[in-house]
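Below is one structure; the comments refer to it alone.
The values are calculated or read from the model by the stated rules, or taken from the named source; none is laboratory data. Since the model is a prediction, treat every value here as computed from it, not as a measurement. For neighbour counting, all protein chains shown are included, and Cβ atoms are generated from backbone atoms with ideal geometry for every residue, glycine included.
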């Protein structure tokens, strides 16, 4: 365990140990230190809060919109745009999950669409 001495004279966790604790990667010595050190617990909590705020603020900041992903799924984009989005989706777990969700078939929706299609054909036939 690397140790750092702050202005209070006590020994505290180093910056990298605080990061490890915030990321859930702390070893037993760090965990033990956190059980007894309020200041280090506060530093870990502050880092976690900052990480969470950044995640919320930056979540999908550089990702295509849902509409663009829907167009991608329907093949409505130009080949160049399609390739660009395919590359992004392959490397982005958020967009990949959204595309997977869009591509899932819902049996109820399929039945409703089929029923509507059949009703329109029957009405056309009767006219």
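I'm told residue 92 meets every condition in (1) modelled with pLDDT under 95; (2) farther than 30 Å from residue 19 by Cβ except one. Can you identify the failing condition by its number?
That leaves (2) as the condition not met.
Table: residues versus (1) within 28 Å of residue 98 (Cβ to Cβ); (2) in the same structural domain as residue 84 (by TED's automatic domain parsing); (3) at pLDDT 95 or above.
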| position | (1), (2), (3) |
| --- | --- |
| 7 | no, no, no |
| 11 | no, no, no |
| 16 | no, no, no |
| 23 | yes, no, no |
| 26 | no, no, no |
| 44 | no, no, yes |
| 51 | yes, no, no |
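Quick one: which residue in 79, 107 is more than 30 Å from residue 15 (Cα to Cα) and either at pLDDT 90 or above or assigned by TED's automatic domain parsing to the domain that holds residue 17 (or both)?
Of the residues listed, the single one that is more than 30 Å from residue 15 (Cα to Cα) and either at pLDDT 90 or above or assigned by TED's automatic domain parsing to the domain that holds residue 17 (or both) is 79.
Of the residues that sit in the range 13-39 and are under 25 Å from residue 54 (Cβ atoms) and surrounded by 18 or more Cβ atoms within 10 Å (Cβ to Cβ), which one is nearest to the chain's Cα centre (by Cα)?
Top of the filtered list is 22.
Within the range 54-73, restricting attention to residues that are touching a helix residue (DSSP H, G or I) at 6+ places or on another chain (Cβ under 9 Å) and part of a helix (DSSP H, G or I), which residue is nearest to residue 96 (Cα to Cα)?
Going through the qualifying residues, I end up with 69.
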